[in-house]
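To start, the structure under review is shown below, and the notes come after it.
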Amino acid sequence: MDGNENPGPVRTSLWRNARLATLREDLGTLGVVESGVVAARGERIVYAGPEAGLTSELARADQIFDCEGRWVTPALIDCHTHIVHGGNRAREFQLRLEGATYEAIARAGGGIASTVEATNALSVDELVAAALPRLDALLAEGVSTVEVKSGYGLNVETELKMLRAARRLETLRPVRIVTSYLAAHATPPGYQGRNGDYIAEVVLPGLAAAHAEGLVDAVDGFCEGIAFSPAEIALVFDKAKSLGLPVKLHAEQLSDLGGAKLAASYGALSADHLEYLDAAGAAAMAKARTVAVLLPGAFYTLREKQLPPVEALRAAGTRMAIATDCNPGTSPLTSLLLTMNMSATLFRLTLEECLAGVTREAARALGVLDETGTIEAGKSADLAIWNIDQPAELIYRVGFNPLCERVFKGERVSR
Ligand code: DI6
Ligand code: FE
């Protein structure tokens, strides 16, 4: 693809000869526009639609790119990750294959505690360096927006360090980072059996401090028998509410504690995992417009048998997104293309659900749908241009990357 560079104060750019999958709902399945064109003024899309509808002014753009009939989608969005963390758990994975149990590994200092220790040992610079290869793997597949959670510090200082590292990523790569404060992820060693004290002494003051530093876009928690009860999560959500911050929740991953219903009652952006969600939970989420974020990487890694209730979610009209859940313990996955394939094969999501799940619905789950997630006028020009003949190729292949080019805020970016 060739562009004639002619930089002005606000450059107009044109991508023409494109087959657009805009993901606009009003345009039908995938929001397809054949013989499409996208025009941007600076970082904003000013026109996206049929070539015939282009004004003569926009047709004389400063730079014009010929997509040569390629498919163009919104840039992808990974709406649930833990990419900022220290160390990895490959050794633990190996031991499990040799027969070690989770309990034995935990007693030997493994499991989430080992990631907490490794994360606490790193500086912000070192956390950034550890996260960059994971971020780059995502970007290489056309991702332009990534959610990043804290939650492996479990003390105020390191929770803040993780979020500072997450914010720093945005200054080092062409990417939009959205942060979530997840101190209510696990109980640290010094607070075993004292979740209430941990919330009062660490989670809530840490949230106030992180928010004061502008580090928090949303507040998350892990509602589970091995983590926090709905009543404990409610304390964290009340604080989030008092600070004007949106909430989301890891819910119904291993059992049904009613976490999704709690999240919905707070108008949560999303409830994530949801293998053990019941129909009433799905309905409560639909009513509250809480997005269901499905995470096939964790389902696969844990060899989970309980499928998320996709039919119930569809019947209730709950929006569905999908994400990598990239984390060192239960989903060491840095590919959204593979996530789409897993969602299709393991969860039987349709092509439309898979693609919407990493674009429009992922943007909705992050509260950034006004900014990105579909190709339409007014939004950021965040595009992925693919070497494919049909959209189904994006979900059908396993471990193949057909990205031709990524565009972020109207700029072509190499990764
Ligand atoms: N759900 C998970 O599967 C991970 N966290 C969460 O909330 C597990 C985190 C880990 O084992 O490191
Ligand atoms: Fe997670």
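Arrange the peptides 244-257, 14-27 so that the one whose residues have, on average, the most other Cβ atoms within 10 Å appears first. Write out the running numbers ahead of the final one.
Working: 244-257: 22.7, 14-27: 20.6.
By packing density, highest mean first, the sequence is 244-257, 14-27.
Compute the Cα gyration tensor for segment 105-218, then decide on rounded, prolate or oblate, letting a ≥ b ≥ c be the square roots of its eigenvalues: rounded whenever a/c is under 1.5, prolate when a/b is larger than b/c in the other cases, and oblate in all that remain. Don't skip to the answer; put the middle values down first.
Working: a/c = 2.31, a/b = 1.47, b/c = 1.57.
Oblate.
Taking amide H positions as placed 1.01 Å from N in the peptide plane, with prolines and chain starts having none, which residues 5 or more places from ALA321, or on another chain, fall under 5 Å of its amide H?
Amide H neighbours of ALA321, under 5 Å, 5+ apart: ALA292, VAL293, LEU294.
Pairs of alpha-carbon atoms within less than 8 angstrom and 6+ residues apart define the contacts here; what relative contact order does the chain have, in percent?
Numbers: 980 pairs, mean separation 76.9, N = 415.
For the chain, the relative contact order is 19 percent.
How far, in degrees from 0 to 90, does helix 230-242 lean away from the longest principal axis of the Cα atoms of the chain, to the nearest 10?
Compared with the principal axis, the helix lies near 50 degrees.
Using alpha carbons only, how many angstrom separate the centre of segment 336-401 from the centre of segment 205-264?
Cα centres, segment 336-401 to segment 205-264: 27 Å.
Taking Rh as the Kirkwood radius, which is the inverse of the mean 1/r over Cα pairs, what is the Rg/Rh value for the chain?
Values: Rg = 21.3 Å, Rh = 21.7 Å.
Rg/Rh: 0.98.
Summarise the long-distance tail of P(r) for segment 279-405 by giving the % of C-alpha pairs beyond 24 Å. Provide the component values of the computation, followed by the final result.
Details: 2346 of 8001 pairs.
For segment 279-405, the fraction of Cα-Cα distances above 24 Å is 29 percent.
Please report the base-10 log of the normalised intensity I(q)/I(0) for segment 35-182, using a Debye sum with one equal scatterer per alpha carbon and no solvent, at each q in 0.19, 0.21 (1/Å).
-1.10, -1.22
Per residue, how much accessible area does the chain have with a 1.4 Å probe, in Å²? Walk me through the numbers on the way to the answer.
On the way: 16010 Å² over 415 residues.
I get 39 Å² per residue for the chain.
Please list the radius of gyration and Dmax for segment 216-303, considering alpha-carbon atoms only, with Å as the unit.
Radius of gyration, then largest Cα-Cα span, for segment 216-303: 12.1, 39 Å.
Per the 1.4 Å probe, what fraction of the accessible area of the chain, in percent, lies on carbon and sulfur atoms?
Details: 8410 of 16010 Å².
That share works out to 52 percent.
Scan around GLY151 for amide H atoms under 5 Å from its own, H built in the peptide plane at 1.01 Å from N, and keep only partners 5 or more places away or cross-chain.
It is LEU182, by chain and number.
Between GLU103, GLU232, GLU141, find the one with the highest GNM mean-square fluctuation for the chain; connect C-alpha pairs within less than 10 Å.
Greatest mean-square fluctuation among the candidates belongs to GLU103.
Just the projected area, averaged over all directions, of the convex hull on the alpha carbon atoms of segment 15-74: how many nm²? Before the final figure, lay out the partial values.
Values: hull surface 15.8 nm².
Across all orientations, segment 15-74 yields a mean hull projection of 3.9 nm².
Given the rule -39500 (n - 2.57) for each run of at least 4 DSSP H residues, summed and divided by the residues of the chain, what is its mean residue ellipticity at 222 nm, to the nearest 500 deg cm²/dmol? Each step should come with its number before you reach the end.
Working: 17 runs with 144 residues, N = 415.
My calculation for the chain gives -9500 deg cm²/dmol from helical runs alone.
The values are calculated or read from the model by the stated rules, or taken from the named source; none is laboratory data. Keep in mind it's a predicted model, so treat the numbers as computed, not measured. Ideal geometry is used to build each Cβ from the backbone, glycine not excepted, and the neighbour counts take in all protein chains shown. Please note that ligands, DNA and RNA were not included when accessible areas were found on the heavy atoms of the full protein model with its side chains. Shrake-Rupley method; radii C 1.70, N 1.55, O 1.52, S 1.80 Å.
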